[in-house]
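Worksheet: one structure, shown below.
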């Protein structure tokens, strides 16, 4: 926690400390939330056809879906790759939090692209989250989907659960909108 956005060197040290940490939830994303967890699902149509799919895939792998001002991912110079440890930097109620996650799966195939990550001990929540861009082919609709299961991690997150849930719901609205903006900027 910090009143200022963490400096890159501090984020790098944070990630180094989490590199070998065990996941706080098993992958893959379950269809139903386990007891004590909540399931969140969000979806947004991004356009139609191959151009929209390619633009959405490129934007997702460039982390454009987290270009929210109050949220960012570090490091972002590489696309998601299996085994990578990333920090989601979130500003909630004027305070910056660094949340560690490990990418456990990356899929990039015709009509389907995305990744899944699990939370690590230095994360406000315990859970798993999947980000997918889907296109069945032809002139069909391209969809961005987010699926997640989570519960509060540390006691202070549980004590502030309404604030944490408000941030999660905000993310669920704004993340798909950010990817849609990126697709439109690409002219798709």
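Within segment 96-115, residues that are touching a residue at least 24 places away in the same chain (Cβ under 8 Å) and at positive phi reach partners that are part of a strand (DSSP E or B) and crowded, with 20+ Cβ neighbours inside 10 Å with beta carbons closer than 7 Å, at six or more positions or on different chains, in the pairs 114/130; 114/131; 114/133. Residues being in a loop (DSSP other than H, G, I, E, B) and buried (at least 21 other Cβ atoms within 10 Å of the Cβ) are represented in segment 122-134 by at least one member. For segment 59-70, the set of residues classified as within 16 Å of residue 167 (Cβ to Cβ) and either part of a loop (DSSP other than H, G, I, E, B) or modelled with pLDDT under 95 (or both) consists of 68, 69, 70, listed by residue number. Of the residues screened, residue 157 is one that is in contact with a helix residue (DSSP H, G or I) (Cβ under 8 Å, 6 or more places away or on another chain), surrounded by 14 or more Cβ atoms within 10 Å (Cβ to Cβ) and either farther than 20 Å from residue 117 by Cα or in contact (Cβ under 8 Å) with a residue 24 or more places away in the chain (or both).
Only one of 82, 45, 77 is over 12 Å from the mean Cα position of the chain (by Cα), free of Cβ contacts under 8 Å to residues at least 60 places away in the same chain and under 25 Å from residue 30 (Cα atoms). Can you tell me which? 82 is the lone residue from the list that is over 12 Å from the mean Cα position of the chain (by Cα), free of Cβ contacts under 8 Å to residues at least 60 places away in the same chain and under 25 Å from residue 30 (Cα atoms).
Summed over segment 121-133, residues that are under 11 Å from residue 103 (Cβ atoms) and touching a helix residue (DSSP H, G or I) at 6+ places or on another chain (Cβ under 9 Å) total 1. Taken over segment 39-69, the criterion of being surrounded by 15 or more Cβ atoms within 10 Å (Cβ to Cβ) and within 16 Å of residue 168 (Cα to Cα) is satisfied by 39, 40, 42, 65, 66, 67, 68. Residues that are part of a loop (DSSP other than H, G, I, E, B) and either surrounded by 10 or more Cβ atoms within 10 Å (Cβ to Cβ) or modelled with pLDDT under 95 (or both) within segment 1-26 comprise 1, 3, 4, 5, 6, 7, 19, 21, 23, 24, 25, 26, listed in sequence order. Of the candidates 179, 169, 163, the single residue that is part of a helix (DSSP H, G or I), touching a strand residue (DSSP E or B) at 6+ places or on another chain (Cβ under 7 Å) and surrounded by fewer than 22 Cβ atoms within 10 Å (Cβ to Cβ) is 163.
Being in contact with a helix residue (DSSP H, G or I) (Cβ under 9 Å, 6 or more places away or on another chain) and not in a strand (DSSP E or B) is the filter; apply it to segment 79-109 and report the residue that is surrounded by the fewest Cβ atoms within 10 Å (Cβ to Cβ). For segment 79-109, the residue satisfying everything is 93. Among the residues of segment 110-121, those identified as more than 20 Å from residue 22 (Cα to Cα) and surrounded by 21 or more Cβ atoms within 10 Å (Cβ to Cβ) are 113, 114. Considering the conditions (1) more than 13 Å from the chain's Cα centre (by Cα); (2) assigned to a strand (DSSP E or B); (3) within 22 Å of residue 181 (Cβ to Cβ), residue 40 is excluded by exactly one of them, (1).
Taking the conditions exactly as written (outside any loop (DSSP other than H, G, I, E, B), modelled with pLDDT of 95 or more and surrounded by 21 or more Cβ atoms within 10 Å (Cβ to Cβ)), does residue 147 satisfy them or not? Judged against the criteria, residue 147 is not a match.
The values are calculated or read from the model by the stated rules, or taken from the named source; none is laboratory data. Every value quoted in this text rests on a predicted model; they were computed, and no experiment measured them. Cβ: placed from backbone, ideal geometry, glycine included. Neighbour counts: every protein chain shown.
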